[in-house]
Amino acid sequence: MPYTNYISRTDAAALIPEDAQKEIIQGMTEESVVMKLARRLANMPRKQHRMPVLSLFPTAYFVDTAPEDKALKQTTEVNWENKYINAEEIAVIVPIPEAVLDDVDYDIWSEIKPLIAEEFGRVFDAAVLFGDGAPATWPTDVLASAVAAGNSVVLGVGADIYEDIFDVGGVIAAVEADGFMHTGAAAAMGMRAQLRGLRDADGGLLFSRSVQDAGSYMLDGEPMYFPRNGCWDVAQAHMLVGDWSQLVYSIRQEMTYKLLTEAIIQDAAGNIVYNLPQQDMVALRCVMRLGWQVPNPINRLQTVEANRYPFGALIP
């Protein structure tokens, strides 16, 4: 006769109700770091927005006083050139079978929309900062433009990272030499550890008072952001600093959502991938249109546009 038999949790698993959490835990959605730092213009009424930008200063002269009654005043000119913001479309379609939608015990669209907004921000940031997937009508990305203007510093070229950023040959100085004051920085997450370890001559921490206090990540009193939306390419740059008021963006169409029920979805070759009504599916279509530009107007410290740019880069 058995004496060791009992009803285990496995035996009674079919009778034990599940404690299903009603809220899906998700990582914090990150907003666009470019939109945090840059200057937003009024929404675009058309696909293209034209900005007249000063390209030549007037020049004044002392009047020759010999002889005074015949002194002639010289002339000058002032020039402007056009810079354009071209609105381009970011979009995605999320298809799902109606049976799955009915069986899911959550408002799946409210879960998806913040993730799509985060992804749109990642796509925009990556295109603006590094040129990833950027439309042909958009300007050259910030990193490439900073390097072309001679505003890049290789990490480690100085005695320490403090020198690479703040010293005479540092990345902030490169921006200032072009006639701009830096207003903020964006950097790879790995830069937090490098900055956190910086110490003064007496061994004191520069970015925090102690290991118990939160680090204050500011550069020269200006805010510093470490984007977590996946836009940053650490292989290309560690940090971008500059006058972010000089980077402007404008929205032609705010992010909109439309639920498709009677449509087909095709691939690039024209093949039908999904026939929504025939396959009992629906799809959420998300669209946004926006553009950006760096006007880079002439200033008294650097009059040559090819050598002038309001951003600098700390690169590998």
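I'd like to compare 233-239, 48-54: which one has the highest average count of other Cβ atoms within 10 Å, and what's the full order after that?
Details: 233-239: 17.6, 48-54: 14.1.
Output ranking for 233-239, 48-54: 233-239, 48-54.
Computed on protein heavy atoms with a 1.4 Å probe, the accessible areas place Phe120, Phe62 in the order Phe62, Phe120, largest first.
Based on alpha-carbon centroids, what's the gap between region 253-316 and region 93-134 in Å, whole number please? Here the answer is 13 Å between Cα centres. Extents of region 230-281, taken as max minus min of Cα coordinates on every principal axis and listed largest first, are 53, 29, 19 Å. Karplus-based coupling profile of region 274-280, in residue order and whole Hz: 9, 10, 4, x, 6, 9, 6, with θ = phi - 60° in 6.51 cos²θ - 1.76 cosθ + 1.60 and x standing for Gly or Pro.
Quick one: what do you get for region 146-198 if you divide its Cα Rg by 2.2 N^0.38 Å? With N residues counted in region 146-198, Rg over 2.2 N^0.38 Å equals 1.14.
A simple rule links phi to the HN-Hα coupling: the Karplus curve 6.51 cos²θ - 1.76 cosθ + 1.60 with θ = phi - 60°, which for region 175-184 gives 5, 5, 5, 8, x, 10, 9, 6, 10, x Hz, with x for Gly and Pro. The stretch between Trp109 and Glu31, if pulled fully straight at 0.36 nm per residue, gains 26.2 nm over its current Cα-Cα span. When the GluC sites (Glu not before Pro) in region 240-316 are filtered for DSSP coil states and for at most 12 other beta-carbon atoms within 10 Å of their beta-carbon, the remaining sites are Glu262. A crude spin-label estimate for the pair Asp267 and Glu98, with each label 7 Å from Cα along the Cβ direction, gives 2.7 nm. The accessible-area ordering, largest first, of the residues Ser245, Ser145 stands as Ser245, Ser145, per a 1.4 angstrom probe. Remark: region 254-316 carries 51 Å² of accessible area per residue (probe radius 1.4 Å; ligands, DNA and RNA excluded).
Coupling constants for region 160-167 follow from the phi torsions by the Karplus curve (6.51 cos²θ - 1.76 cosθ + 1.60, θ = phi - 60°), and in residue order they are 7, 5, 4, 5, 4, 9, 9, 6 Hz; glycine and proline get x. The 1.4 Å probe gives accessible areas that order Arg196, Arg228, Arg285, largest first, as Arg228, Arg196, Arg285. With only the Cα atoms considered, region 215-316 has a convex hull volume of 225 Å³ per residue. In a DSSP loop and with at most 15 other Cβ atoms within 10 Å, the GluC sites (Glu not before Pro) in region 75-158 are Glu77. Taking 7 Å steps out from each Cα toward its Cβ at Thr256 and Leu301 produces label points 4.4 nm apart.
The values are calculated or read from the model by the stated rules, or taken from the named source; none is laboratory data. Model, not experiment: these values are computed from the prediction. Using ideal geometry, Cβ is built from the backbone for each residue, glycine included, and neighbour counts are taken over all protein chains shown. Areas reflect the complete protein model, heavy atoms only, side chains present, ligands, DNA and RNA absent. Shrake-Rupley method; radii C 1.70, N 1.55, O 1.52, S 1.80 Å.
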